[in-house]
Amino acid sequence: GAVVSQHPSRVICKSGTSVKIECRSLDFQATTMFWYRQFPKKSLMLMATSNEGSKATYEQGVEKDKFLINHASLTLSTLTVTSAHPEDSSFYICSAGSGTSGGADTQYFGPGTRLTVL
Amino acid sequence: AQSVSQHNHHVILSEAASLELGCNYSYGGTVNLFWYVQYPGQHLQLLLKYFSGDPLVKGIKGFEAEFIKSKFSFNLRKPSVQWSDTAEYFCAVNERGDYKLSFGAGTTVTVRA
């Protein structure tokens, strides 16, 4: 149980184009999903928290107009990197929260999407 | 805000050696604690987690971790490592009732056959 998928796993695009990454919770409903960037040999950096049916909450320093997040259903969140530039090249990882109101809050991670902007 | 410190950046071991990775956090309230593992080329997987109860938590693949509240620590241990334990290990913390995780910088573990 608690499987999270991402699509695509790898994408190469030209500078100036937009790229959409999908994150799905396959066997559970996730009211909250998270988007991270992971740089080589570095830890995960939280970009934003995505809540179903409401606007995403972005971390300090993350441009909300550049990284558009939509959480239209309890099993799908999308991240769109708009007008991508080479510095946006990174490994993007989503996670979905699963837990109870008692505080057993656990995130399950997707396999990640490698974005390369030429 | 919480911060999570992992003391070891890179650990190199021989097979059958014992492993202990340190993790300390700075938040004084009630927290949930996690260890995640990322094998080469794979996604983050949950090794174990602590929410409450017995502070010694057993996870998958023979790993365990001990929560010591007075030391704000949640160290990961494995008595005898295998070559397949070569991976990146991340300690993470969130506040009770909040999904948002704070991650440590990660520890690269290399096990030599």
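The values are calculated or read from the model by the stated rules, or taken from the named source; none is laboratory data. From a predicted model like this one, the values you see are computed outputs, not experimental measurements. Here Cβ is always computed from backbone atoms with ideal geometry, including for glycine, and neighbour counts include all displayed protein chains.
Values as computed for the structure displayed
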| read-out | value |
| --- | --- |
| Failed item in (1) hydroxyl-bearing (Ser, Thr, Tyr); (2) within 23 Å of B:PRO40 (Cα to Cα); (3) within 12 Å of chain B (Cβ to nearest Cβ), with A:SER90 passing the rest | (3) |
| Hits in the range B:20-31 - residues which are surrounded by fewer than 19 Cβ atoms within 10 Å (Cβ to Cβ) and farther than 11 Å from B:PHE90 by Cα | B:GLU20, B:ASN24, B:SER26, B:TYR27, B:GLY28, B:GLY29, B:THR30 |
| Residues satisfying the stated conditions in the range B:85-113, i.e. of a type in the set (Gly, Ala, Ser), under 30 Å from A:MET33 (Cβ atoms) and touching a residue at least 24 places away in the same chain (Cβ under 8 Å) | B:ALA87, B:ALA92, B:SER102, B:GLY104, B:ALA105, B:GLY106 |
| So A:THR82, is it at pLDDT 95 or above, within 16 Å of the chain's Cα centre (by Cα) and surrounded by fewer than 16 Cβ atoms within 10 Å (Cβ to Cβ) | yes |
| Condition check for B:LEU47: in contact with a helix residue (DSSP H, G or I) (Cβ under 8 Å, 6 or more places away or on another chain), of a type in the set (A, V, I, L, M, F, W, C) and under 25 Å from A:PHE39 (Cβ atoms) | yes |
| Of all residues in the range B:1-32 being part of a strand (DSSP E or B), within 11 Å of chain A (Cβ to nearest Cβ) and among the aliphatic types (A, V, I, L, M), the one that is farthest from A:PHE39 (Cα to Cα) | B:VAL31 |
| Selected residue (only one of B:PHE103, B:PHE90, B:PHE67, B:PHE34 is surrounded by 14 or more Cβ atoms within 10 Å (Cβ to Cβ) and more than 29 Å from A:ASN51 (Cα to Cα)) | B:PHE67 |
| The range B:102-113, subset of a type in the set (Gly, Ala, Ser) and on the phi < 0 side of the Ramachandran plot, residue farthest from the other protein chains (Cβ to nearest Cβ) | B:ALA113 |
| Residue under evaluation A:THR78, criteria (1) in contact (Cβ under 8 Å) with a residue 24 or more places away in the chain; (2) in contact with a Ser or Thr (Cβ under 7 Å, 6 or more places away or on another chain), criterion not met | (2) |
